[in-house]
Amino acid sequence: MPPTAISQAPGFVGRPTRRVDGPLKVTGRAKYAAEYDAPGLAYGYIVSSAVAAGRVLAIEADAALQMPGVIRIFSHADRPATATADKAWQDEVAPPGHPFRPFGSDEIHFALQPIALVVAETYEAARDAASLVTARYEVTQHRVDLKRERATAYDPPEKRAGIPPPPAPRGDFAQAYADAPVKISADYVLAPEYHNPMEMFGTTVVRNDDGKLLVFDKTQGSQNVKAYLAGVFGLPEGDIRVVNAYVGGAFGTALRPNMSAVLAVMASLALERSVRVTLTREQMFALGYRPHMEQTVSLACGRDGKLLAVHHDAVSGTSPFEDYQEAVVNWSGMLYACANTKLSYALAKLNTNTPCDMRAPGATSGVYALEAAMDELAHAAGIDPLELRIRNFSERDGNTDKPYSSKALMLCYREGAARFGWSRRQLAPRSMREGNELVGFGMATGVWEAMVVPVTAKAILSADGALEVSTASSDIGTGTYTILAQIAADAFGLPLERVTVRIGDSALSAHPVEGGSWTAASAGASVSLACAKLKEQALARARRMTNSPLAQAAMEEVAFTDGRIALAGDAGRGVSLADVLRASDLGHLEEEASFTPDEKLAGRYASYSHAAVFAEVRVDEELGVLRVPRLVSAVAGGKILNPKTARSQILGGVVMGLGMALHEEGLFDHDLGRLMNHNYAEYHVPVNADIGDIDVLFVDEHEDKLGHLGVKGLGEIGIVGTAAAVANAIFHATGKRVRDLPITLDKLLG
Amino acid sequence: MLQRTDASQRGELYRVKLAINGAPHDVEVAPWVTLLDLLREGLGLTGTKKGCDHGQCGACTVLLDGMRVNACLLLAVTCDDRAITTIEGVASLEPTAGGGLHPLQDAFMDHDAFQCGYCTPGQICSAVGLIAEGHAHSRDEVRELMSGNLCRCGAYSNIADAVWQVLRDGTAGEGGR
Amino acid sequence: MIRFDYVRPTSVPDAVKALAAKPGAQVIAGGTNLVDLLKYDVAKPSRLIDINRLPLRAIEDTADGGLKLGALVTNADAAYDVRVAQRFPLLASAILAGASAQLRNAATTGGNLLQRTRCLYFYDPHVPCNKREPGTGCPARTGVNRNLAVLGTSEHCIATHPSDMCVALAALNAVVHVTGPAGERQIALSDFHRVPGDRPDLDNTLERGELITAVEVPFSDFGRHYTYLKLRDRLSYAFALVSVAAAVRLDAGRIDELRVALGGVAPKPWRNLEAEGLLAGAAPERRAYEAFADRLLAGAQGFGDNDFKLGLARRAIVRALTQAVAGTPQSQSDKRVA
């Protein structure tokens, strides 16, 4: 059953509200980037590199050019000029280094790198001509094996903005570890994972007669893409507008501007016509990804389970040209209280594209290793894994020594355990069995940053009483349309149908990329502020009306309901907003407002969302067949704006976490330097049959330091800890510790 | 009767008659055009999605003579004289009293059985086919028989709930918001 | 995708004529594998012969109580046909273990026999593959071979046949009916697919111009004593790592007849009639199953990633025989392995 509890309080915020974009999505009318038409639209199809490292000596395109309908073939050897400085190619979230430039030179950095773009009159002509394009290469030695490259790992000289490097050591790890009575140390390996949103990247560039470009793009940041394209192609910002009204999933892969956008604009400018470029699923595997990672975690505790020493080292893959960085090991310095910590993080160059933030980047990987290690420590100490975590609960962020702005993690532990039935767990592994299946219970903690960012929003009230709120945010399935509508509707006491939310357009008010789980709190706050400002204006105008019944009314004495402002205790004494507009001789009222994070508060507090994940696994020991029939995710995420969409956010994180635990793995041929399972049939993501009962519960958490909504954001917390909970349950079921993800059936065979 | 029309710069074209969402369409297509690309690029019916183009995700699911199939793996020329229902025509199969939606469309909204919405048309067409086939008799069988539709947002349990409810009750249930 | 022309015959003789007439011509039916291969530029036909209008969609009773499935019977129509479900539940179960509902609605009986391997190298025209381009080499032997064969391989190819349906058909002693320029003939399913040897480009023993018209499944009466056990990397919609089709007839508490075919481990459904014969008369017990498994897997060789298949296949055979003897066939929707 869906959550149907209806709150008695008036308004929409906090109630399980259907998505306002639902009717468009269930009828196929929501339009995604590659679905806009334009007169004379040409189609571009990308040709990819056959080799992983080296140089293109020649592109042979004669046969392709003979194909009827082919217009032109672009490559490094034949393309319009683009910006020469790296700075122009560095987008809002670029890591340090030299950003990848499609067709920038003859150099090949990774297999499936784009080497040519065939543009033709039809999609089929472009696709089929592309298969006739060949290239000659000078091949050099590639590097794709992280295990081997770990020896070459280095501390990135330039740190990525917004990513804290590992904190300095605290206390004396080596001594504390040596002296401790209980200790473990283990290596954890993560396979590369690919975001693989269902919608493949696509860009439709509609060229107007005046040469201005309307770019429909798959992106998490229309303004990021707009600024980037303007810089790369030297266009006045006014000549380009980017629209991403609907985004078919992204999970981080669309934070940075994509090659389809660059190539479509390149072709459009050169050919002076409208162009569409879409990637194939195979080419989706040539994009940024969650990097391969090798981690070592060493933990020690006393007989009482209190942590005495924590060491976490991680080596992550990055591309030859950029130093992509995540906060991977930092979590081990803050999630539990410990006086002796040593954390380190290094990169190794691989012949791949630059990794790209994927759902809770860094935390998903690092907390997996920490939480698997905590389970190992609990086993070594003979302590219940949940109890071990409770005993090491941190009251302050150990890395910064700041108190938490809020931390209801203890409630997650208690309520999650109760809902799951954790008390039925037998301490010893291999002690629960049913039929051919061993049964295991495992748990893990999840943690993710709670962030807010500056956002500007606009609110417009029209004469007919309808309200429009807007900001250049994006809804990648997160529910942004819906929560902004709820917030705005409540501000004016309107039914949802009277509110229009406009996002997904670079022409709207300033909004950074949609990521980091900051959108609900930040965009929500800005919409709320814009509405408040608009109400002030409306009330001021109402007060000035002739014989106004509100002449003396202050904001806290009035209520906005159904298109009217009236005294709170006397609905009869009021005016309609339509009359206010008429009296002011205005067609509409408009206000813009900006939400700015309180830097002073941010400096004093550490803010995180938390979760406790409990998983049951069933393992057919003889065959390695594994099921996860049920899982409980208890989340502390501040105020919940919409329990329906909030639950979906967590479900999505959990399902992706199950994929990480059991299925997802980019398989490289080390001789060829090439990812081989570049499709949905052999890069496995979970299917419906894999997903059992997922019980999501939100614990009560009062947050008042992160902006006035009290919201923390839920897009990422659902994945963190999930893979560890499953891996730990597998150990509990089988007594077998599998540390390398994904845990495929061959790893479970005795 | 198969008719080959004059070769043009678009190559050899064949005349194909299709009934799409009840409306007859007489189109000329090259043999290497898939039904999916014909719908999306040729006829502007972009409700049917391209998620992999290789029959590995189900986003392009349409009903061909009432049976759910992957439109990406059908050459349009082989669909001559056949009836196709896409997401744009699903509502007219079984309109409910309110809103003119198919009960599955309503149930998907009620159960929040989608997030980004990209797999949704395929999921709904697939579920229409599943119900018509009549082989699912439990929620587990719904999960198995809906496994040809990937959802990367991870709405699977809500999808299973929505489909199972319509299968069991024939409606979206309580409805409302 | 390559350019090709297209014809749509309405009779089997016309189709055979069209097929023989043009080198590189290929038949298209459900298209679920061929269109996929066209898009990857693996299949490069000169002409497509659309056989969907041929009268090959019937499931007919045969004189011995078996069934003859027309080549164009879809996987779904076969699996859900009442006669198939009653007489050959093993076949129905295997079909339902494969692909997705959408694919089963389009894929045909004949097409299923002609499915090409899921070897990752075969599917990627940027890398060598002896099956796709003879003589270019087989990087799979030392590369990513998790899903590849451990039986029937050659130095040139270690591909597997990916079908589930064919594994059951092999266990059921099915016969393939074909029509070619030289007339009609029948090929035992066990002789239809070939091991690669030095011609890995040839998946089967069809002669040029031959068209599959039907697959005949002879009468058998294993009752509930069958199972199709498929092990894979997710619980549905994935190709088999190992699959076992097993059917047993018991007589007075002993094994009277045994049929076992393996999928996911070889270039063809893998059977060993001699090993099956050795079990006739044996008591249905684990030790006998293990001895049988060892004989069926004799000569198996892993290539690194897929080494686990040797042990997994052995266990899967034992479990499948346990299920078949107990009359508790594996459900394809309840993922617990009985």
| Quick one: how many residues across region A:115-129 are outside any helix (DSSP H, G or I) and surrounded by 23 or more Cβ atoms within 10 Å (Cβ to Cβ)? | 6
| said: Name the single residue that is nearest to the other protein chains (Cβ to nearest Cβ) among those in region C:127-153 being under 19 Å from the mean Cα position of the chain (by Cα) and surrounded by 24 or more Cβ atoms within 10 Å (Cβ to Cβ). | reply: C:Asn147
| Does region A:634-648 contain any residue that is within 8 Å of chain B (Cβ to nearest Cβ), among the hydrophobic types (A, V, I, L, M, F, W, C) and assigned to a strand (DSSP E or B)? | no
| Which pairs have Cβ atoms under 9 Å, sit 6 or more apart or on different chains, and link a residue in region C:315-338 that is away from chain B (no Cβ under 14 Å) to one that is surrounded by fewer than 16 Cβ atoms within 10 Å (Cβ to Cβ) and not in a loop (DSSP other than H, G, I, E, B)? | C:Ile317/C:Glu290; C:Val318/C:Arg286; C:Val318/C:Glu290; C:Leu321/C:Arg286; C:Thr322/C:Arg286; C:Ala338/C:Ala326
| query | Is it true that some residue in region A:663-671 is within 12 Å of chain B (Cβ to nearest Cβ) and closer than 17 Å to A:Ser517 by Cα? | reply | no
| request: Return the only residue of C:Asp251, C:Asp221, C:Asp203 being modelled with pLDDT under 95 and either over 19 Å from C:Leu96 (Cα atoms) or in contact with a Cys (Cβ under 7 Å, 6 or more places away or on another chain) (or both). | output: C:Asp221
| message | Give me the strands (runs of 3 or more DSSP E) completely within region C:224-338, filtered to those with at least 3 residues that are among the small types (Gly, Ala, Ser), ordered by residue number. | response | C:240-251
| Close pairs (7 angstrom Cβ cut-off, 6 or more residues apart or separate chains): without any contact (Cβ under 8 Å) to a residue 60 or more places away in the chain in region A:659-682, of a type in the set (Asp, Glu) and not in a helix (DSSP H, G or I) anywhere | A:Met676/A:Asp669; A:Met676/C:Asp124
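So that you can scan it fast, the table gives a plain yes or no per residue for (1) in contact (Cβ under 8 Å) with a residue 12 or more places away in the chain; (2) within 17 Å of A:Ala681 (Cβ to Cβ); (3) within 10 Å of chain B (Cβ to nearest Cβ):
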position: C:Ile2; (1), (2), (3): yes, no, yes
position: C:Asp5; (1), (2), (3): yes, no, yes
position: C:Asp14; (1), (2), (3): no, no, no
position: C:Ala18; (1), (2), (3): yes, no, no
position: C:Gly30; (1), (2), (3): yes, yes, yes
position: C:Leu34; (1), (2), (3): yes, yes, yes
position: C:Lys39; (1), (2), (3): yes, yes, yes
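Residues checked against (1) within 28 Å of B:Gly122 (Cβ to Cβ); (2) in a loop (DSSP other than H, G, I, E, B); (3) of a type in the set (A, V, I, L, M):
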| residue | (1), (2), (3) |
| --- | --- |
| A:Tyr246 | yes, yes, no |
| A:Gly249 | yes, yes, no |
| A:Thr253 | yes, yes, no |
| A:Ser260 | yes, no, no |
| A:Leu263 | yes, no, yes |
| A:Met266 | no, no, yes |
| A:Arg276 | yes, no, no |
| A:Glu282 | yes, no, no |
| A:Ala286 | yes, yes, yes |
| So C:Tyr80 fits all but one of (1) within 13 Å of another protein chain (Cβ to nearest Cβ); (2) in contact (Cβ under 8 Å) with a residue 12 or more places away in the chain; (3) buried (at least 21 other Cβ atoms within 10 Å of the Cβ); (4) out of contact with any Lys or Arg (no Cβ under 7 Å at 6 or more places or on another chain); what number is the exception? | (3)
| Hits in region C:209-223 - residues which are in a strand (DSSP E or B) and either out of contact with any His (no Cβ under 8 Å at 6 or more places or on another chain) or closer than 18 Å to C:Ala168 by Cβ (or both) | C:Leu211, C:Ile212, C:Ala214, C:Val215, C:Glu216, C:Val217
| Failed item in (1) within 12 Å of chain A (Cβ to nearest Cβ); (2) at pLDDT 95 or above, with B:Gly100 passing the rest | (2)
| said: I'm checking my understanding of the structure. Among residues of region A:457-483 that are under 19 Å from A:Glu592 (Cβ atoms) and touching a His at 6+ places or on another chain (Cβ under 7 Å), which one is nearest to the other protein chains (Cβ to nearest Cβ)? | reply: A:Ser473
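Looking at the structure I just gave you, is A:Gly750 crowded, with 20+ Cβ neighbours inside 10 Å, modelled with pLDDT under 95 and either over 27 Å from B:Arg143 (Cβ atoms) or not acidic (Asp, Glu) (or both)?
So A:Gly750 fails the test.
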| message | Regarding region A:179-198, can at least one residue be identified that is in a loop (DSSP other than H, G, I, E, B) and without any contact (Cβ under 8 Å) to a residue 12 or more places away in the chain? | response | no
| message | Residues to consider are B:Ala107, B:Ala113, B:Ala132; find the one that is assigned to a loop (DSSP other than H, G, I, E, B), out of contact with any His (no Cβ under 9 Å at 6 or more places or on another chain) and more than 8 Å from chain C (Cβ to nearest Cβ). | response | B:Ala113
| For region A:402-411, does any single residue satisfy the condition of being within 14 Å of another protein chain (Cβ to nearest Cβ), within 27 Å of the chain's Cα centre (by Cα), of a type outside the set (Asp, Glu) and buried (at least 17 other Cβ atoms within 10 Å of the Cβ)? | no
| note | The residue from A:Leu714, A:Leu658 that alone is within 9 Å of chain B (Cβ to nearest Cβ), within 22 Å of A:Val447 (Cβ to Cβ) and at pLDDT 95 or above is A:Leu658
| Does region C:68-77 contain any residue that is out of contact with any Lys or Arg (no Cβ under 7 Å at 6 or more places or on another chain) and assigned to a helix (DSSP H, G or I)? | yes
| task | Report the residue count in region B:137-150 for those that are buried (at least 24 other Cβ atoms within 10 Å of the Cβ) and either touching a Ser or Thr at 6+ places or on another chain (Cβ under 7 Å) or at the interface with another protein chain (Cβ under 7 Å from one of its Cβ atoms) (or both). | result | 8
| query | Looking only at residues in region C:104-126 that are among the aliphatic types (A, V, I, L, M) and crowded, with 24+ Cβ neighbours inside 10 Å, which one is farthest from the other protein chains (Cβ to nearest Cβ)? | reply | C:Leu113
| Taking region A:510-536 as the region of interest, how many residues are within 14 Å of A:Thr471 (Cα to Cα) and acidic (Asp, Glu)? | 1
| task | Only strands (runs of 3 or more DSSP E) wholly contained in region A:493-608 count here; list those with 3 or more residues that are under 29 Å from the mean Cα position of the chain (by Cα) and under 30 Å from A:Leu214 (Cα atoms). | result | A:499-502, A:588-595
| message | Whether any residue in region A:141-153 is in contact with a helix residue (DSSP H, G or I) (Cβ under 8 Å, 6 or more places away or on another chain) and either surrounded by 18 or more Cβ atoms within 10 Å (Cβ to Cβ) or modelled with pLDDT under 95 (or both) is what I want to check. | response | yes
| For region C:219-238, how many residues meet the condition of being at negative phi and facing chain A (nearest Cβ under 8 Å)? | 6
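The values are calculated or read from the model by the stated rules, or taken from the named source; none is laboratory data. Keep in mind that what you see is a predicted model, and the values were worked out from it rather than measured. So basically every Cβ, Gly included, is an ideal-geometry build from the backbone, and we count neighbours across all protein chains shown.
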